[in-house]
Amino acid sequence: MEEDRQEKTIDRRFFLQGAGAAALVTAMTSTFGLAGCAPAKSGTSDGNGGSSASSPKSEPSWFTSPEPIIDSEISETIETDVVVVGAGMAGISAACSSAERGLSVSVIERGETWSGRGFGMGVADSKIVRAAGLSIDRAKAQKYWIHCCGSRVNESLVSLFFNRSGEAMDWVIDKCEKGGVSVLLWDGYSRDPEFPDEPGYHVFFGGPEQSAGRDWSRDATKLIYEDSLAAGAQYYYENTVELLRKEGDRVVGAIAKSADRSYVLYKATKGVVLATGDISGDQEMLDYYAPEVAHCNSKLYTPIGFNSGDGHKMGLWAGGAMQEGHFPPMLHPQAGAYQQSAFLSVNQNGERFFNEATWVNGKSLSYLRQPGQCAYSIFDKNWTDDNLAGLPFGGGMFWDTFRVMGSGQWDAAGGQAGVDGAVESGMGFKADSLEELAVACGIPEDSFLSTVKHYNELCAAGVDTDFGKDKVFLAPVVEPPFYAMKAMPAILTIVGGLKVDTNLNVTDADGKAVEGLFAVGNVSGDFYAVDYPINIPGNSQGRCITWGYLVGETLEKA
Ligand SMILES: Cc1cc2nc3c(=O)[nH]c(=O)nc-3n(C[C@H](O)[C@H](O)[C@H](O)COP(=O)(O)OP(=O)(O)OC[C@H]3O[C@@H](n4cnc5c(N)ncnc54)[C@H](O)[C@@H]3O)c2cc1C
């Protein structure tokens with residue numbers, strides 16, 4: 001076991017280092033925002049994927065197709081080889097890949113411009129991974145993925161990603177090199193063999209979006225967008241697609257309401273690609289497809305309300321089927337303070353409730369189930385040393401937040417500044433005694449003191465008989481000042497959607513393709529199930545570019 005826990009030897013020139021790492025924390029703070037610890041809203045699952053919060057017994061509204069939009073209602077028809085619905089990362093990648101292959105492309109977007117967010121793309125290979133002297137054990141990582149998804153995914157799609165995402169990433173890296181944006185690997189991946197991260201998370205540095213304090217992946221998205229324009233793709237903004245047009249069994253176009261409220265039919269000779277993102281903007285769909293997280297207090301998807309599951313609905317109406325089971329959520333545990341690591345965690349009742357040395361969704365879901373969807377990460381004066389001692393055996397997304405990536409050094413000053421900032425903003429508390437800390441957090445003092453005392457005994461014994469946390473993470477809480485950081489979950493996105501085959505063709509429940517209809521990015525399904533595996537951090541965006549890149553290849557042959 002100890003051998004498994006050794007850090008891999010790698011060439012660190014390719015990793016994000018020093019100031020870059022600190023900037024990531026700053027950028028994440030502005031993007032992820034800080035929320036207050038509010039009581040949970042109630043939403044009771046009916047056990048069938050529905051919820052009593054909205055439509056208790058009735059059939060979901062989107063199960064019924066709307067009336068068709070007839071020709072006399074259409075003011076204009078525009079015909080191209082390919083129509084892409086949605087100008088997010090997946091749609092832009094699909095448009096660019098198709099246009100670069102010589103196809104004419106229309107992209108229909110409801111917003112005033114393209115959308116993008118996030119910090120990095122996770123893939124199973126790339127020329128940067130290889131140049132760093134690394135390789136990702138695809139067979140092992142793929143097996144972990146399928147296990148994490150409860151064996152409910154389409155394994156052919158998972159194989160497609162593991163086999164082709166490196167090629168798609170190289171396509172993006174070429175654009176970044178040409179556009180003056182540096183692509184680096186993130187070095188904070190988890191070293192825990194039970195919750196492994198592979199070093200495939202590519203972040204973007206030095207571009208105009210990152211320099212302006214916006215999300216770093218926007219620089220890559222922007223370069224793909226610009227190349228799609230250069231290859232001739234046409235973007236139609238402030239056009240909301242409401243319905244697909246079918247002729248016989250084939251989807252032949254998408255009908256959009258334009259800014260002047262008239263209908264435009266965008267016809268496609270080769271195919272319509274749905275790229276409308278997730279369902280975060282539709283509470284009824286959240287209650288139905290993601291009841292476990294539907295009432296999470298913090299939902300971060302932007303632009304707010306734009307992703308109302310329209311592509312999911314239109315795909316169903318056109319004969320496609322939805323993936324089975326609930327949709328997996330992509331969560332993070334830092335809607336409150338940033339610093340948590342694997343320190344003692346207590347809820348508002350002062351009780352410890354889990355093994356804190358777990359992964360992103362493990363933490364987030366556990367916090368979500370606590371009173372007020374909130375817990376406190378408790379540590380003392382020695383927290384930086386304690387954290388550093390644990391990092392070679394754990395770490396990873398939303399844990400290794402303050403390490404100086406690349407050097408292997410802990411950024412003690414940056415870390416302490418982050419903790420002090422949380423105290424200043426009210427997302428954390430600092431006190432000279434445990435009694436005062438309990439009062440500051442509003443936790444019953446007796447319960448808190450007895451939990452800390454018991455935890456310190458476990459630390460002294462070196463065995464966590466309560467939850468089985470490894471002894472390398474058993475840091476006692478003994479020396480003032482004492483800290484309590486608010487730990488709260490947030491939804492980033494919901495990654496479930498329409499069934500697709502390995503051509504990204506939308507299919508019915510039996511796997512029969514709906515002719516002319518494709519789906520990429522979060523509107524497409526069966527790549528994730530049950531949970532969002534993060535052993536390749538950033539794989540949601542990795543999938544967007546891979547599916548977008550590959551659907552161009554399919555459409556070229558169509
Ligand atoms: C704060 C934050 C940070 C994140 N960071 C990361 C990260 O670092 N790495 C990672 O892998 N993932 C990250 N994610 C998730 C990731 O950003 C998304 O999963 C991914 O960008 C989804 O891309 P998409 O193209 O599928 O959808 P989107 O980018 O959501 O694009 C969908 C587009 O379709 C448009 N649209 C919707 N309906 C219609 C309609 N009817 N007609 C016309 N247009 C329509 C929308 O306006 C939108 O522009 C993050 C998410 C958040 C919220």
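Every number in this text was worked out from the coordinates using simple rules, so none of it is lab data. Just so we're clear, the structure is a prediction, and the values are computed from it rather than from any experiment. Note: ideal-geometry Cβ built from the backbone for every residue, glycine included; neighbour counts use all protein chains shown.
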query = List the aspartates and glutamates whose alpha-carbon lies under 16 Å from that of LYS499, not counting same-chain residues fewer than 8 positions away?
reply = GLU155, ASP278, ASP310, GLU324, ASP508, ASP510, GLU515, ASP526
query = Going by alpha carbons, how many degrees (0 to 90, nearest 10) lie between the helix axis of 412-425 and the longest principal axis of the chain?
reply = 80 degrees
ask   = For the Cα atoms of the chain, what angle does the longest principal axis make with the long axis of helix 445-461, in degrees from 0 to 90, nearest 10?
value = 80 degrees
ask   = Hey, could you pull the Cα Rg and Dmax for the range 117-200, both in Å?
value = 13.7, 41
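Which FRET efficiency, nearest 0.05, do GLU324 and GLU167 yield, Cβ-Cβ r, R0 51 Å?
0.95
Find how much the distance from GLU479 to ALA139 grows on full extension, using 0.36 nm per residue of separation minus their present alpha carbon separation; answer in nm with one decimal.
Details: separation 340, 0.36 × 340 = 122.40 nm, distance 4.55 nm.
My answer for the length gained is 117.8 nm.
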inquiry  = Helix 155-179 against the longest principal axis of the chain: what's the angle in degrees, Cα atoms only, rounded to the nearest 10?
reply    = 90 degrees
ask   = Across the range 181-192, in residue order, what do the Karplus-derived ³J(HN,Hα) couplings come to in whole Hz, using 6.51 cos²θ - 1.76 cosθ + 1.60 with θ = phi - 60° and x for Gly and Pro?
value = 10, 7, 10, 10, 8, 7, 9, x, 5, 5, 9, 7
key: Relative contact order %, the chain, counting alpha carbon pairs below 8 Å whose residues are six or more apart   = 25 percent
request  = Report, ordered by chain and residue number, the lysines lying within cross-link reach of LYS430, taken as a straight Cα distance under 30 Å and ignoring same-chain residues fewer than 8 apart.
outcome  = LYS41, LYS299, LYS363, LYS381, LYS453, LYS469, LYS471, LYS486
query = Could you work out the helix-only [θ] at 222 nm for the chain, with each DSSP H run of four or more residues adding -39,500 (n - 2.57) and the total divided by the number of residues, to the nearest 500 deg cm²/dmol?
reply = -9500 deg cm²/dmol
task = Could you work out the mean projected area of the convex hull around the alpha carbons of the range 196-329, in square nanometres to one decimal?
result = 12.1 nm²
ask   = Which ³J(HN,Hα) values in Hz, rounded to whole numbers, follow from the phi angles of the range 78-85 under the Karplus curve 6.51 cos²θ - 1.76 cosθ + 1.60, where θ = phi - 60° and Gly and Pro get x?
value = 10, 10, 9, 5, 10, 10, 10, 9
inquiry  = Using Cβ counts within 10 Å as a stand-in for footprinting exposure, how do ASP197, ASP386 rank, fewest first?
reply    = ASP386, ASP197
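Only four residue types carry charge here, +1 at the Cβ of Lys and Arg and -1 at the Cβ of Asp and Glu. Report the dipole size of the range 326-424 about the Cα centre in Debye, rounded to the nearest 20.
Details: 5 positive and 9 negative charges, 66 e Å.
Charge dipole of the range 326-424: 320 debye, to the nearest 20.
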note = The convex hull of the Cα atoms of the range 270-409, divided by residue count, gives a volume in Å³ per residue of 162 Å³
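Using the Kirkwood radius over Cα pairs, work out the Stokes-Einstein diffusion coefficient for the range 60-117 at 37 °C and 0.692 mPa s, in µm²/s as a whole number.
241 µm²/s
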request  = May I ask which residue of ILE146, HIS312, LEU160 lies farthest towards the positive end of the charge dipole of the chain, with charges of +1 (Lys, Arg) and -1 (Asp, Glu) on Cβ and the Cα centre as origin?
outcome  = LEU160
message = Is there a quick way to get the dipole size of the range 102-232? I mean about its Cα centre, with the Cβ of Lys and Arg at +1 and of Asp and Glu at -1; what is the value in debye to the nearest 20?
response = 160 debye
request  = Just the number, please: percent antiparallel of the DSSP beta bridges in the chain, rounded to the nearest 5.
outcome  = 65 percent
ask   = Hey, fewest Cβ within 10 Å first, where do SER364, SER151, SER106 land in order?
value = SER151, SER106, SER364
query = Toward the positive end of the charge dipole of the range 396-501, about the Cα centre and with charges on Cβ (Lys, Arg +1; Asp, Glu -1), which of ILE443, THR465, VAL478 goes farthest?
reply = THR465
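So if we plug the beta-carbon distance of LYS453 and HIS147 into 1/(1 + (r/R0)^6) with R0 = 45 Å, what FRET efficiency do we get, rounded to 0.05? Working shown, then result.
Values: r = 38 Å, r/R0 = 0.83.
FRET efficiency, LYS453 to HIS147: 0.75.
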message = Assuming 0.36 nm per residue, please report the length gained on full extension of the stretch ASN349 to THR502 beyond their Cα-Cα distance.
response = 50.2 nm
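Please find the FRET efficiency linking SER211 to GLU79, where r is the Cβ-Cβ separation and R0 is fixed at 51 Å, and quote it to the nearest 0.05. Show your work: numbers first, answer last.
Working: r = 40 Å, r/R0 = 0.78.
So the FRET efficiency works out to roughly 0.80.
Using the Kirkwood radius over C-alpha pairs as Rh, can you work out the diffusion coefficient of the chain via Stokes-Einstein at 37 °C, viscosity 0.692 mPa s, in µm² per second? Present the calculation step by step, with values, prior to reporting the outcome.
Numbers: Rh = 24.2 Å.
Estimated diffusion coefficient is 136 µm²/s.
Normalising by the residue count of the range 423-531, find the relative contact order in percent from Cα pairs under 8 Å and 6+ residues apart. Please report the intermediate quantities before stating the final value.
On the way: 127 pairs, mean separation 24.0, N = 109.
After rounding, I find 22 percent.
Is there a quick way to get the dipole size of the chain? I mean about its Cα centre, with the Cβ of Lys and Arg at +1 and of Asp and Glu at -1; what is the value in debye to the nearest 20?
540 debye
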ask   = Expressed in nm to one decimal, what extension gain is obtained for the pair THR269 and ARG130 from 0.36 nm per residue of sequence separation less their Cα-Cα distance?
value = 46.1 nm
task = State the number of lysine pairs found in the range 135-288 whose Cα atoms come within less than 28 Å, restricting to pairs 8 or more positions apart or on distinct chains.
result = 11
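Order by neighbour count: VAL477, VAL129, VAL273, VAL500, fewest other Cβ atoms within 10 Å first, most last. Intermediate values should be presented prior to the final figure.
Working: VAL477 25, VAL129 22, VAL273 36, VAL500 30.
Arranged by neighbour count, lowest to highest, VAL477, VAL129, VAL273, VAL500 become VAL129, VAL477, VAL500, VAL273.
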